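Shown next, in structure tokens, is the structure this report addresses.
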Amino acid sequence: MTATIVSASDAGYFDLMKGLVLSVRDKPQGADIPISILDVGLNRDQRDWLTDQGAVIAEPGWDFDMPDSMNTPSHFRALLARPFLPKYFPGHDIYLHIDSDAWVQDWSAIDIYLAAAAEGKLAITPQVDRSYNTIYKRPRRYRRTQNYRSFEWSYGWKVADRIGRNPILNCGVFALPGDAPHWTLWETAIQRALSRRTLLPRKGWPNLYFKLIEQTAMNYVVFGDRAPATFLPAWCNWFCAHAAPMIDRTRKVLVEPNAPYQPIGIVHLAGEDFQNHPFELEGLEGPNANTRLRYEDVAKLEKTL
């Protein structure tokens, strides 16, 4: 069974994606795994570097009709291309997508995603964990939550009331078989949302909810269409914006900040400028460390442990 790791980037995000690629290639299991990259604005030197790493590069078009009035940024092509990954990179049994602002620390997470997808299910991680600060904050009124408003914006209040209470399934990392029905369902769900917003232009384009359109659509595929899915633990796609990891100096790894201190599989730096944010990492039986959590920064820190 063949699998490929897929990501996307423009020139501005290349340094982050470079960290993702190196975090894959520096592990024995990732030395030869196919890497597929959606190019939404890379320059020639960046493309050459990726080619030297064995990556296959494809430049997506606009896979949905976008009215000129939306003034949609070019890099949004990467979001709207996700339901078409088997088209852009044919020949693989499983597609494991990882956002360019994430990187692989522990390969066991990759194995879990691929094994779960091999069962014919979408393998994806909800944005919930006992360590995340989001579950300890004073809750917002239900209809003011991001999840509810995303569903309402895309599909109307009836759908939002029905499935907007579910946890957000984060599309920054997911694995799916190439022949799964989810791809067509996902395309249909995105088209449904785009068609609705075209009829209701008064609320503006683009905005936060458009940026989340493909994620909201995949959540609809799971909770509305009831497509087969399995939910993985948070350490498989760790949101650093919701909880800073701890540093285990003995094992030389980032770990979840509560027992049993599971090593984090994929470090995800989604959120406003969390890619450059300095984190104060509590040491597990050792001193704290202050560092960004980009791949290259953590790799440099680990060499000092």
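The values are calculated or read from the model by the stated rules, or taken from the named source; none is laboratory data. Source: prediction; values computed, not measured. Every residue, glycine among them, receives a Cβ derived from its backbone with ideal geometry; neighbour counts consider all protein chains shown.
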When every residue in the stretch 39-85 that is within 21 Å of ALA189 (Cβ to Cβ) and loosely packed, with under 12 Cβ neighbours inside 10 Å is compared, the one modelled with the highest pLDDT is GLY61
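Take the residues in the stretch 216-226 that are under 17 Å from GLN191 (Cβ atoms) and under 19 Å from the mean Cα position of the chain (by Cα); name whichever of them is surrounded by the most Cβ atoms within 10 Å (Cβ to Cβ).
Initially, the stretch 216-226 is screened for residues under 17 Å from GLN191 (Cβ atoms), giving 216-221, 224-225.
When the remaining residues are screened for being under 19 Å from the mean Cα position of the chain (by Cα), the result is 216-221.
Details: THR216: 30, ALA217: 27, MET218: 26, ASN219: 27, TYR220: 24, VAL221: 25.
Among those that are under 17 Å from GLN191 (Cβ atoms) and under 19 Å from the mean Cα position of the chain (by Cα), it is THR216.
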Verdict on LEU22 being of a type in the set (A, V, I, L, M), surrounded by fewer than 20 Cβ atoms within 10 Å (Cβ to Cβ) and not in a loop (DSSP other than H, G, I, E, B) = yes
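Residue-by-condition table, conditions (1) on the phi < 0 side of the Ramachandran plot; (2) assigned to a loop (DSSP other than H, G, I, E, B); (3) not assigned by TED's automatic domain parsing to the domain that holds GLY271:
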position: ILE37; (1), (2), (3): yes, no, yes
position: GLY41; (1), (2), (3): no, yes, yes
position: GLN46; (1), (2), (3): yes, no, yes
position: LEU50; (1), (2), (3): yes, no, yes
position: TRP62; (1), (2), (3): yes, yes, yes
position: ASP65; (1), (2), (3): yes, yes, yes
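Sort out which residues of the stretch 113-139 are part of a loop (DSSP other than H, G, I, E, B), more than 25 Å from GLY19 (Cβ to Cβ) and under 16 Å from the mean Cα position of the chain (by Cα), and write them in order of number. Reasoning before the result, please.
Of all residues in the stretch 113-139, those part of a loop (DSSP other than H, G, I, E, B) come to 118-121, 127-132, 136-139.
The next check asks that each one be more than 25 Å from GLY19 (Cβ to Cβ); those that pass are 118-121, 128, 130, 136-139.
VAL128, the sole residue that qualifies.
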Show the residue pairs that are 6+ apart or on different chains and have beta-carbon atoms under 6 Å apart, the first residue being within the stretch 107-132 and within 13 Å of PRO177 (Cβ to Cβ), the second being assigned to a helix (DSSP H, G or I).
-> LEU122/HIS182; ALA123/TYR113; ALA123/ALA116; ALA123/ALA117
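Within the stretch 10-19, track down each residue that is touching a strand residue (DSSP E or B) at 6+ places or on another chain (Cβ under 6 Å) and either closer than 17 Å to ALA58 by Cβ or assigned to a loop (DSSP other than H, G, I, E, B) (or both). Spell out the reasoning first.
As a first pass, look at the stretch 10-19 and keep what is touching a strand residue (DSSP E or B) at 6+ places or on another chain (Cβ under 6 Å): 17, 19.
The one that is touching a strand residue (DSSP E or B) at 6+ places or on another chain (Cβ under 6 Å) and either closer than 17 Å to ALA58 by Cβ or assigned to a loop (DSSP other than H, G, I, E, B) (or both): MET17.
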Picked from the stretch 193-213 (must be modelled with pLDDT under 85 and assigned to a loop (DSSP other than H, G, I, E, B)), the residue farthest from the chain's Cα centre (by Cα) is LEU200
Residues being assigned to a helix (DSSP H, G or I), in contact with a Phe, Trp or Tyr (Cβ under 9 Å, 6 or more places away or on another chain) and over 15 Å from ILE213 (Cβ atoms) - total across the stretch 161-187 | 4
For the stretch 265-284, indicate whether the set of residues that are modelled with pLDDT of 95 or more, under 30 Å from ILE190 (Cβ atoms), hydrophobic (A, V, I, L, M, F, W, C) and out of contact with any Pro (no Cβ under 9 Å at 6 or more places or on another chain) is non-empty.
-> yes
Mind telling me which of the residues ILE190, ILE110 ends up being crowded, with 22+ Cβ neighbours inside 10 Å and either assigned to a strand (DSSP E or B) or touching a strand residue (DSSP E or B) at 6+ places or on another chain (Cβ under 9 Å) (or both)?
-> ILE110
